[in-house]
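A quick write-up on the structure given underneath.
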Ligand code: SF4
């Protein structure tokens, strides 16, 4: 083994969770290690859930020491971990540069979903979202995105089954719906999805991975051509250009272009689309909005997820009543649309994107969440 003992900086250290086997083989070759070491290390990380090289007992002590010196499995420090009464668990993770992101584990019977962030902060600036309030700080790396999922996966496998007869729990679904616009960090996000999906990685089927976007037409088309079977969710929130531009200031591209790109995605992947629509009292819930939304949903053969807004401190928008939300849903259903009101999860721990991070930074009292 040809190793020197200088301590590499964080930038020089390898974040193993961000690298595919081909890259790892080249790296292990530099350590004069045989190729099969890569399979051993991947098995320890993704199958056995090892959190430290020390646990990898089929590697020599010298190699474990060398890996500890030069590479990381996990890079983030866990700042807080909050559990809501419905079981939703939110992690606030801090990276070595001091930036923080949120990751959420949403358990639902045998379904365990990790909601991942793709950026630190967000440039999109949706008028109803805490994550956009401070703008974009930086993109997350592939390793940082995968690390969030692997951390949730470990929590899930370590959890108690609901009943003694139940199968051991495993992370089953991924949603890229946390902080950030995933398609604005395309390369890192795609590389992360490939690792999450790979049989040697977390082995989560592409059909169980959902990417949520405000709609970047070029990147949606590119995603359609990747040969993956991902679910695509379009954060629509307004069914016409002018209102949408107010609610999502960054989304300046014509809505028709966004919808054309979504149509392209559906035609090239065969995957059903979902339209996400946050219900804002007095803003986007008029009957004409329902008719416009229904037309769009039918033209894309898309399902609609309605999310009742939960106020964010400092934002002048109001949560609609349950009655008006059901009325809006009924208008959509009457026009032939499959529309559901999504349940807010983990409200008391601010499980919606960006709130825990802001609360941590500003000591905002725990009294509200957004969708
Ligand atoms: S809702 Fe999503 S896209 Fe909009 S500001 Fe928040 S994180 Fe960004």
statement: Here the equivalent ellipsoid of the chain, derived from its Cα gyration tensor, has semi-axes (largest first, whole Å) of 38, 22, 20
- prompt: How many nm is it between the label spots at residue 333 and residue 9, if each spot is 7 Å from the Cα in line with the beta carbon?
  reply: 5.9 nm
- request: Between residue 110 and residue 78, take the C-beta separation as r, use R0 = 25 Å, and let me know the FRET efficiency to the nearest 0.05.
  value: 0.45
query: Based on the Kirkwood radius over alpha-carbon pairs, what is the Stokes-Einstein translational diffusion coefficient of segment 1-91 at 10 °C with 1.306 mPa s viscosity, in µm²/s?
result: 109 µm²/s
- request: Compute the distance in nm between two label points, each set 7 Å from the Cα along the Cα-to-Cβ direction, one at residue 85 and one at residue 58.
  value: 4.7 nm
- prompt: So for the pair residue 298, residue 65, with labels modelled 7 Å out along Cα→Cβ, what separation do we get in nm?
  reply: 7.2 nm
field: Descending semi-axes in whole angstrom, ellipsoid equivalent of segment 72-200, from the Cα gyration tensor
entry: 25, 16, 14
Antiparallel %, DSSP beta bridges [both residues in the chain], to 5: 45 percent
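So how much slack lies between residue 253 and residue 27, counting 0.36 nm per residue of separation and subtracting their Cα-Cα distance, in nm?
Stretched fully, the residue 253-residue 27 segment lengthens by 77.2 nm.
Using the alpha carbons of segment 150-234, what is the convex hull volume per residue in cubic angstrom, as a whole number?
Numbers: hull volume 9.2 nm³, N = 85.
Taking only Cα atoms, segment 150-234 has a hull volume of 108 Å³ per residue.
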- request: For each of 252, 218, 94, count neighbouring Cβ atoms within 10 Å of the residue's Cβ, then give the residues from fewest to most.
  value: 252, 218, 94
task: Please report 257, 144 as a ranked list, fewest other C-beta atoms within 10 angstrom at the top and most at the bottom.
output: 257, 144
task: Only Cα pairs under 8 Å and at least 6 apart count here; give the relative contact order of the chain as a rounded whole percent.
output: 15 percent
- prompt: What is the distance in Å between the Cα centres of segment 185-224 and segment 132-169?
  reply: 16 Å
- prompt: Expressed in nm to one decimal, what extension gain is obtained for the pair residue 321 and residue 342 from 0.36 nm per residue of sequence separation less their Cα-Cα distance?
  reply: 6.1 nm
field: Calculated FRET efficiency for the pair residue 47/residue 286, C-beta based, R₀ 41 Å, to 0.05
entry: 0.20
query: Residues in segment 199-223 near a label at residue 157, defined as backbone nitrogen under 16 Å from the 7 Å Cα→Cβ point?
result: 199-205
message: If I fit a long axis through the Cα atoms of helix 255-269 and take the longest principal axis of the Cα atoms of the chain, what angle between them do I get, 0 to 90°, rounded to 10?
response: 50 degrees
task: Quick one: angle between helix 61-70 and the longest Cα principal axis of the chain, in degrees between 0 and 90, rounded to 10, please.
output: 50 degrees
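In what sequence, highest mean first, do 170-180, 225-235 appear when ranked by Cβ atoms within 10 angstrom?
On the way: 170-180: 22.6, 225-235: 17.8.
Order by mean packing, descending: 170-180, 225-235.
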Modelled FRET efficiency - R0 35 Å, residue 123 with residue 226, Cβ distances, 0.05 increments: 0.90
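Where a number appears in this text, it was derived from the coordinates with a stated rule and is not lab data. Since the model is a prediction, treat every value here as computed from it, not as a measurement. When we count neighbours, we look across all protein chains shown, and the Cβ atoms used for this are built from the backbone with ideal geometry, even at glycine.
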